[in-house]
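One structure below.
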Amino acid sequence: MDRALVVKRRIILTGLVVLLAADVALAAYSWHAGNTMRKPMADLVADSRKLQLLRIDVDNADRIRHDLPTTVADCERFEASLLPASTGNSTVTAELDDLSKKAGLQIQTLGFRHKELQGRNLTEVELEIAVNGTYANIVKFMNSVQRSKNPYAVDSVVLQTGGQQSAPNDLHIAVHMKTFFRTAA
Amino acid sequence: MNVRLNLATKPLESQRKFYVSAGLVAVLGGVLFLVLGWHVYSELRAREDLRRKEQDNDRVAAQLTARRTELDTFFARQENARLKDRVAFLNGFIDESSFDWTRMFMDLEKTLPVGVHVVSIQPKREKGRMFVRLTVGAVSDEAKIKFLRAMENSPAFRDVTLLSVRGPSGSANSTDQAVMELNAVYSRT
């Protein structure tokens, strides 16, 4: 074979080998880069989610700070709506008497327990009420208590059959509830 | 007169097959090179984008953390901590006082089948959930089963746990064949 031709073929072959080697190198780099990118991408997604939660948290706190004057006003308005301690007992007694009569119930006992809440200018008043009546009357009474303009939080209601001395449909109800009186002007 | 003479001392060898093969490999290798090159270029750009996004995230995180620290300091002030406590206290009371007892009684009435009556109800709020401890009397075994099924299928009550079933005692109500005691969570709160 002609020497010049041999040299030419070798140059072509060398070029092809270099091209294929470059292909292999690029493929290897591409595979490696693809693998190493997966974790940082996942981390970025997780970080972005955390940031979003942090942003919501901060925005909420910002809004609360902005609304603080309104919140203070709301608290004061609610506390002002509570009964004053000086007249609260008579008002609550009269109201519960009235509500029970309207519901067709008779209050058997009504117990008060006062607890001064230091630093709040409030007195917590626990009420124990025992009444007798039918189931329908008791539901009516509970409904009236719930709709009263004075707020009462009913903690527990024990509804039991009246016993041998009462009428057949009579139930005995013991209600434990609480309200608050304001102790300062 | 012209005479055509072949003066070659070696026979003619065709290089066509070599050139075609080499050309084919070169074209395929070249195309592959371009594709892989583009892919690597894209990877590098994506890496750059990623780095930029990470920097953005770091910057935003630093800003938000600074804002949060400032807000934490603000809310940690004595007067604000006191207000937070006051609001939580009043909200707790408002939440308790706004519980709809009438609706709970109505739901209970809907759930009770014929032949079952309530002996006692003890609703109690714990950790924001309303637990109801019920004692009911049933005039027959059929009514007893109907009541338990009704409670289990009621949308108003869940986590129904039967605590005890007693036979006729004769003390409270002589018509009762069974007295059941159960706990449930009232869902409509």
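Using a/c under 1.5 as the rounded threshold, could you call segment A:1-87 rounded, prolate or oblate? The axes a ≥ b ≥ c are square roots of the C-alpha gyration tensor eigenvalues, and prolate needs a/b larger than b/c, oblate otherwise.
prolate
So what's the back-of-envelope 222 nm ellipticity for chain B, counting only DSSP H runs of four-plus at -39500 (n - 2.57) apiece and dividing by all residues, rounded to 500? Value at 222 nm, helices only, nearest 500: -20000 deg cm²/dmol. With a ≥ b ≥ c taken as the square roots of the eigenvalues of the C-alpha gyration tensor of segment B:1-129, please select rounded if a/c is under 1.5 and otherwise prolate if a/b is larger than b/c or oblate if it is not? Oblate, because a/c is 1.5 or more while a/b does not exceed b/c. Relative to the longest principal axis of the Cα atoms of chain B, helix B:101-111 runs at roughly 90 degrees.
For A:LEU83, nonlocal amide neighbours, meaning residues 5 or more places apart or on other chains whose placed amide H falls under 5 Å from its own, are A:ARG182.
Local charge sum around B:LEU163 (other residues, Cβ-Cβ under 12 Å, Lys/Arg +1, Asp/Glu -1)?
+1
Going down the list B:LYS124/B:LYS144; A:LYS102/B:LYS127; B:LYS84/B:LYS127; A:LYS115/A:LYS149, which pairs span over 28 Å between their C-alpha atoms? From B:LYS124/B:LYS144; A:LYS102/B:LYS127; B:LYS84/B:LYS127; A:LYS115/A:LYS149, over 28 Å: A:LYS102/B:LYS127. Take the alpha-carbon centre of segment A:11-57, take the same for segment A:61-133, and report the distance between them in whole Å. Answer, in whole Å: 67. Dipole orientation for the protein assembly as shown: of the candidates B:THR111, A:LEU127, A:ASN89, B:THR111 has the Cα lying most toward the positive pole (charges on Cβ; Lys, Arg +1; Asp, Glu -1).
Please report the net charge: other residues with Cβ closer than 15 Å to the Cβ of A:GLY119, K and R +1, D and E -1.
Net charge around A:GLY119: +1.
How much accessible area is lost when chains B and A come together, counting both sides, with a 1.4 Å probe, in Å² rounded to the nearest 100? Protein heavy atoms only, the B-A interface buries about 5700 Å².
Near A:VAL45, once Lys and Arg are set to +1 and Asp and Glu to -1 for all other residues with Cβ below 13 Å from its Cβ, the sum equals +2. Note on A:VAL24 and B:LYS10: the model spin-label points, each 7 Å out from Cα along the C-beta direction, lie 3.1 nm apart.
Straight-line cross-link reach from B:LYS10 at under 13 Å between alpha-carbon atoms covers these aspartates and glutamates, not counting any fewer than eight positions away in the same chain: A:ASP2.
Between A:VAL45 and A:ILE107, the simple label model (points 7 Å from Cα in the Cβ direction) yields a spacing of 6.4 nm.
Within the accessible area of the protein assembly as shown, the carbon and sulfur atoms contribute 56%, probe 1.4 Å, all protein chains present.
Around the Cα centre of segment B:78-138, unit charges on the Cβ atoms of Lys, Arg, Asp and Glu (plus for the first two, minus for the last two) sum to a dipole of about 160 debye. As a size descriptor, the averaged projected area of the C-alpha convex hull of the protein assembly as shown was calculated at 40.4 nm². Using the Cβ-Cβ distance between B:ASP95 and A:ALA94 with R0 set to 41 Å, the FRET efficiency from 1/(1 + (r/R0)^6) comes to roughly 0.95. Amide H to amide H distances under 5 Å link A:THR134 with A:LEU171, where only residues 5 or more positions off or on other chains count and H is placed in the peptide plane.
For chain B, the longest principal axis of the C-alpha atoms and the axis of helix B:16-76 are separated by about 30°.
The values are calculated or read from the model by the stated rules, or taken from the named source; none is laboratory data. No experiment lies behind these values; they were computed from the predicted model shown. Please note: Cβ atoms are built from the backbone with ideal geometry, for glycine as well, and neighbour counts cover all protein chains shown. Keep in mind that these areas ignore ligands, DNA and RNA; they rest on the heavy atoms of the full protein, side chains included. Shrake-Rupley method; radii C 1.70, N 1.55, O 1.52, S 1.80 Å.
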